[in-house]
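The values are calculated or read from the model by the stated rules, or taken from the named source; none is laboratory data. Just so we're clear, the structure is a prediction, and the values are computed from it rather than from any experiment. Every residue, glycine among them, receives a Cβ derived from its backbone with ideal geometry; neighbour counts consider all protein chains shown.
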């Protein structure tokens with residue numbers, strides 16, 4: 001079943017698969033930043049759509065210290081460039 005709110009692994013805005021592929025764009029940012037881009041807190045956003053929503057490029061300080069943000073081999077080049085800086 002296709003879930004338009006992103007629980008299906010796709011970006012809520014562009015519908016690109018972000019979690020069930022490799023390389024992926026599965027990441028975690030600080031709650032306040034996530035909620036500024038997505039007030040409901042539900043779903044997923046690819047890096048590009050997230051950056052459009054917040055109006056800037058993601059920076060290393062935006063990501064929380066979590067194992068998901070250290071899976072460099074599985075990350076897209078775009079995500080890796082934001083996490084590492």
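Name the residue that is surrounded by the fewest Cβ atoms within 10 Å (Cβ to Cβ), counting only residues in the range 7-24 that are within 17 Å of residue 71 (Cα to Cα) and either in contact with a strand residue (DSSP E or B) (Cβ under 6 Å, 6 or more places away or on another chain) or in contact (Cβ under 8 Å) with a residue 24 or more places away in the chain (or both). So that I can check it myself, show each step before the final result.
Here is the first cut: in the range 7-24, the residues within 17 Å of residue 71 (Cα to Cα) are 18-24.
Narrowing the set further to residues that are either in contact with a strand residue (DSSP E or B) (Cβ under 6 Å, 6 or more places away or on another chain) or in contact (Cβ under 8 Å) with a residue 24 or more places away in the chain (or both) leaves 18-19, 22-24.
Details: 18: 24, 19: 16, 22: 10, 23: 15, 24: 18.
Once the filter is applied, the top-ranked residue is 22.
If the requirement is being in contact with a helix residue (DSSP H, G or I) (Cβ under 9 Å, 6 or more places away or on another chain) and surrounded by fewer than 16 Cβ atoms within 10 Å (Cβ to Cβ), which of these qualifies: 55, 85? Outline the logic, then answer.
Working: 55 fails: in contact with a helix residue (DSSP H, G or I) (Cβ under 9 Å, 6 or more places away or on another chain).
Answer to the check: 85.
Please specify each residue of the range 25-47 satisfying the condition of being buried (at least 16 other Cβ atoms within 10 Å of the Cβ) and over 17 Å from residue 64 (Cβ atoms).
Residues satisfying the conditions are 43, 46.
List the pairs whose first member sits in the range 42-68 and is closer than 16 Å to residue 85 by Cβ, whose second member is surrounded by fewer than 19 Cβ atoms within 10 Å (Cβ to Cβ) and modelled with pLDDT under 95, and whose Cβ atoms are under 6 Å apart, counting only residues at least 6 apart or on separate chains?
Every condition considered, the pairs that remain are 60/85.
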